[in-house]
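Some notes on the structure that comes next.
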């Protein structure tokens, strides 16, 4: 019988080393922002992870956090928290790892020569950083980008509050196209 | 009867003549035939039992209740999303109704290359006829094609390519567009509203939320053991043990091999889990001035079949319309951020067509990960990649011919054409590797392939294990090659034919 160590073995193994380093105390992980902006009772994310995914959602979806937007990145992160709380254990494990690595200054240094975590980056720096993952020559970075994109996009666009801005009014053709 | 969650208050131990694992096309059709032949049949389904009252036509509800991994099932490297149903009715509950017979050249290749017996076009014709009648497979009249399907019909016609309406298994379709989210009108004649109710009428017992974990074989009996899950939380409730002399594994090309591998049976050939084909799929998206509204109307009623086996090598591609829902669009459209958001705001002006490649040199594998679940890998061959490139090129031309102002591919790095003259050059420079272009599969097949050579196949032409008498695999995993067409009619025909043989042989 052929066993494989995990569903996304190569991603996990590649990320694991860096995650371990980042989790260690040598690296000053981003100073925590005020905690009162993170819900007290999260189901899956730690508070730190919640802030990362909220920032990723903002850049990934192209939101600005403005009140005119149908969903705040905070809402997307909350939905992601609920979604991942029910996910398969291997996916949960990989997302925890991924977020540590994704935000790690070690990783940003190795790949982008800057010692800044994702959370410490400006908006344009975040966009450039994400683009680097999206188009990387390394498959595991492209895979990780896809994982983050899928999570953020599906959490945003399965929420009916996002439908007005894309003129989606549910099933059935509009009357003039029937 | 179909067991309801409240019917269960402890571990379940039952016996039957036939235990069927999976309630999709393979399992559902087998259940109907065998229960009508007088067998005591128990059908185990990992997913829940949902009916029209549960289908609210939203992606969120559908993906949560009806799809494997909430529509997130994918290869290990996330390069191919593998869409499959996980509910009573299986993928038929969430497919887009396209109903096509197995191409004759495919059946000929099975006979020639794998020694498959009694599955020629002539052998299957009575089954195709019967199934098409039972499921009311029909061609939609011209006026029923939605704007998204008209792109293919009109564009292909202008370019001189052959395109036609597809068969659909519906009755009383109201053109909601919700086929992929569960039909709330019971107009789609999927397995959950046809074969399963008929099997129940004939006495079959359907056990939803029963996940088979292992098949144990001893003497003439077999035990299927597993876990009863909570329909909502998916957490384990109790264990079950079903004893039967005949076990039919019908859990799909992804999950059947996992069950066999975990059980350590039926794999003397070493081919269980191997030879996975996807009917590899990508898409092009056209931006039109007029409203297309790709989520509404009949989702899939037309195709361009000009390029399947055109070179006589058994490969090629064809092009079908694809319904586009908001989240599906967002996942598929290239890039991210403000540029992506701007594309999404053109959602109602989007038309989309999928390119499906019938593989000839690509192959994947399903193994078992440390959590006991599928680990899926896949590698694209040079010939199939060339066909995908040609297919994307052709589909883009069709969109321009149908009036698109811009056409884009699903490459990670946005690849957008403003005119047909830009297509060739840009595609030449595009990257086609893992996660460099979004790929899908809704037709995984071939991981327990049939054949008469015990060294090269898992089951014989009757779908019975070479190793374990009375153990059958009847689902998409038995096809020796990719089909090149949507597989539900093929799987139903194989199931009906072989279930009849089982009923006859095990009187």
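Read-outs throughout are calculated quantities, based only on the coordinates presented, and are distinct from any laboratory measurement. These figures come from a predicted structure and were not determined experimentally. Note: ideal-geometry Cβ built from the backbone for every residue, glycine included; neighbour counts use all protein chains shown.
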Let's test the formula: R0 of 51 Å, r as the Cβ-Cβ distance of residue B:105 and residue A:82. What FRET efficiency results, to the nearest 0.05? 0.60
Degrees between helix B:147-159 axis and first principal axis of chain B (Cα, 0 to 90, nearest 10): 60
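Give me Rg/Rg_expected for region A:44-166, where Rg uses Cα atoms only and Rg_expected = 2.2 N^0.38 Å with N residues.
Details: Rg = 14.0 Å, N = 123, 2.2 N^0.38 = 13.7 Å.
Here the Cα radius of gyration is 1.03 times the empirical estimate.
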Give me the Å³ per residue figure for the convex hull around the C-alpha atoms of region B:352-507. 142
Can you grab the distance from the C-alpha centre of region B:1-54 to the C-alpha centre of region B:187-211, Å, no decimals? 7
Relative to the compact-globule estimate 2.2 N^0.38 Å (N residues), the Cα gyration radius of region B:331-374 stands at a ratio of 1.91
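Among B:127, B:325, rank each residue by its count of other Cβ atoms within 10 Å, from fewest to most, as a rough exposure measure. Working shown, then result.
Details: B:127 21, B:325 25.
Going from sparsest to densest Cβ surroundings: B:127, B:325.
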The orientation-averaged projected area of the Cα convex hull of region B:157-276, in nm², is 12.7
By what distance, in whole Å, do the Cα atoms of region B:1-69 stretch along each of the three principal axes, largest value first? 39, 29, 22
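Under the Kirkwood approximation applied to all pairs of distinct alpha-carbon atoms, what is the hydrodynamic radius of region B:106-223 in Å? Intermediate values should be presented prior to the final figure.
Details: mean 1/r = 0.0535 Å⁻¹.
Answer for region B:106-223: a Kirkwood hydrodynamic radius of 18.7 Å.
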Per the 1/(1 + (r/R0)^6) rule, R0 = 22 Å and r from the Cβ atoms of residue B:219 and residue B:455, FRET efficiency to 0.05 is 0.25
Give me the base-10 log of I(q)/I(0) for chain B at each q in 0.08, 0.11, 0.14 Å⁻¹, Debye formula, one uniform scatterer per Cα, rounded to two decimals. -0.45, -0.87, -1.42
Just rank B:418, B:23, A:162, B:256, fewest to most, by other beta-carbon atoms within 10 angstrom. B:418, A:162, B:256, B:23
Any idea what the alpha-carbon Rg over 2.2 N^0.38 Å comes to for region B:47-167? 1.35
Hey, with R₀ at 30 Å, roughly what FRET efficiency would residue B:164 and residue B:379 work out to, going by the Cβ-Cβ distance, to 0.05? 0.35
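How big is the antiparallel share of DSSP beta bridges in the protein assembly as shown, given as a percent to the nearest 5? Could you put the intermediate results ahead of the total?
On the way: 61 of 88 bridges.
Just about 70 percent of them are antiparallel.
Arrange A:47, B:255 by Cβ neighbour counts within 10 Å, fewest through most, would you? Intermediate values should be presented prior to the final figure.
Working: A:47 14, B:255 27.
By the 10 Å Cβ count, ascending, the order reads A:47, B:255.
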Express in whole angstrom the spacing between the alpha-carbon centres of region B:428-507 and region B:226-243. 27
Using Cα atoms only, what is the angle between the long axis of helix B:252-263 and the major principal axis of chain B, expressed in degrees (0 to 90) to the nearest 10? 40
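Semi-axes of the equivalent ellipsoid for region B:58-100, please: Cα gyration tensor eigenvalues, times 5, square-rooted, ordered largest first, whole Å.
Values: eigenvalues 66, 38, 15 Å².
Taking √(5λ) for each Cα gyration eigenvalue gives 18, 14, 9 Å.
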Whole-Å distance linking the alpha carbon centroid of region B:342-378 with that of region B:99-147 is 24
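Given Cα pairs under 8 Å that are at least 6 residues apart, what percent is the relative contact order of region B:280-400?
33
What is the Å³ per residue value for the convex hull set by the Cα atoms of region B:107-168? Display every interim value, and only then the final one.
Numbers: hull volume 8.0 nm³, N = 62.
Spread over its residues, the Cα hull of region B:107-168 gives 129 Å³ apiece.
Which whole-number percent gives the relative contact order of chain B, counting Cα pairs below 8 Å spaced six or more residues apart?
Details: 1283 pairs, mean separation 117.7, N = 507.
Taking the mean separation of contacting Cα pairs over the length of chain B, I get 23 percent.
Length gain on complete extension for the stretch residue B:232 to residue B:139, per 0.36 nm per residue less the alpha carbon to alpha carbon distance? Present the calculation step by step, with values, prior to reporting the outcome.
Values: separation 93, 0.36 × 93 = 33.48 nm, distance 3.78 nm.
Extending this stretch completely gives an extra 29.7 nm.
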Helix-only [θ] at 222 nm, the protein assembly as shown, -39500 (n - 2.57) per DSSP H run of 4+, per residue, nearest 500, equals -10500 deg cm²/dmol
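Would you work out the relative contact order for region B:376-507, in percent, from Cα pairs under 8 angstrom that are 6 or more residues apart? Kindly include the intermediate steps, with their values, before the conclusion.
Working: 132 pairs, mean separation 18.9, N = 132.
Taking the mean separation of contacting Cα pairs over the length of region B:376-507, I get 14 percent.
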Taking only Cα atoms, what is the 0 to 90° angle, nearest 10, from helix B:488-505's long axis to the longest principal axis of chain B? 20
Diffusion coefficient in µm²/s returned for the protein assembly as shown by Stokes-Einstein, Kirkwood Rh over C-alpha pairs, 10 °C and 1.306 mPa s, is 62
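From the Cα trace of region B:69-126, what convex hull volume per residue do you get, rounded to a whole Å³? Kindly include the intermediate steps, with their values, before the conclusion.
Numbers: hull volume 8.9 nm³, N = 58.
Spelled out: Cα convex hull of region B:69-126, divided by residues, is 153 Å³.
Would you mind telling me the antiparallel percentage of the DSSP bridges in chain B, rounded to 5?
70
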Average partner coverage of A:156-162, which counts Cβ from other chains inside 10 Å: 6
Other chains' Cβ within 10 Å of A:139-150 residues: what's the mean? 5
Highest mean packing first, using Cβ neighbours within 10 angstrom, the peptides A:104-116, B:342-354 sort as B:342-354, A:104-116
Virtual spin-label span in nm between residue B:467 and residue B:201, 7 Å along Cα→Cβ: 4.0
Could you work out, residue by residue across B:328-339, how many beta carbons of other chains sit within 10 Å of that residue's beta carbon, and then give the average as an integer? 6
